[in-house]
Structure formats: C-alpha cells, structure tokens
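The numbers here are math on the coordinates, done by the rules we state, and not lab data. Keep in mind that what you see is a predicted model, and the values were worked out from it rather than measured. Neighbour counts are summed over all protein chains in view; Cβ atoms, including those assigned to glycine, are modelled from backbone coordinates with ideal geometry.
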C-alpha cells in the first residue's frame, strides 16, 4: 500500500466518523424539535405533518448511511460524494428563514436550525477534503 494511502486512511478514520456523528445528532435534534412543535413553527405548510417530518429525516439519514457504507466497504469516492450531499442537506433547515424571519422563531427553534447547518458544514468540509485527498492519491 502506498504511504499516501495510509495517510488518507488515517485522516478519514479520524475525521469522518466524528463529523458524521455530529451531523446525525444535529439533524435528529432539529427534526425531532420540528416534528414535536410543528404547529408552533411559523408559516409551515398546512400539508406538513409530524409523521412527514420524521419520514423526511429518515430519507435524509438514508443518504448519510448509504454514503458511509459505500465509503467504507464499496466505493469510497461515491461514498464521500454522498456524504458531501448529506452534509450539504444541513443547509435545508435554513429554509425556515425563507418563510419567516429569525425573530419569528423561538430560541430553541433557532438553536436547532443553526446547529444542524453548522454540523452540516463540518461534515461537508471533511467530506470534500477527503474526496479531494482521495482524488489526488489516485492521480499520483
């Protein structure tokens, strides 16, 4: 095995799981809060239900789980690409501010929205870095 491969694997094994866990927790916190207090969130669509929020979280999390499985055991570059998408989905919570201003949300609503976006940013950054590192290893 090439020494750069070992370096890549070391970085991946140390940085990716914590970033993935952080985003998993942040997205769970936001979606649980959103589902349980759905009627209190300002200007939410009437068709949106508590169950729909949980189903959305399951679909979102499936992207991350599929990405991690692919990364670890099937196709690392595809897995990292999926994890990049999963991290970027953390910005979707900011859509709350499209339908209502920050001031219309409670502190807890804002906290879960910002926590999810920040954690998504961490996962996105780690995934992009590792994908770039994996690409540069392949190129050498």
Neighbour-count order for 73, 57, 47, fewest beta carbons within 10 angstrom listed first: 47, 73, 57
Given the chain, what whole percent of its Cα pairs are spread farther than 25 Å? 33 percent
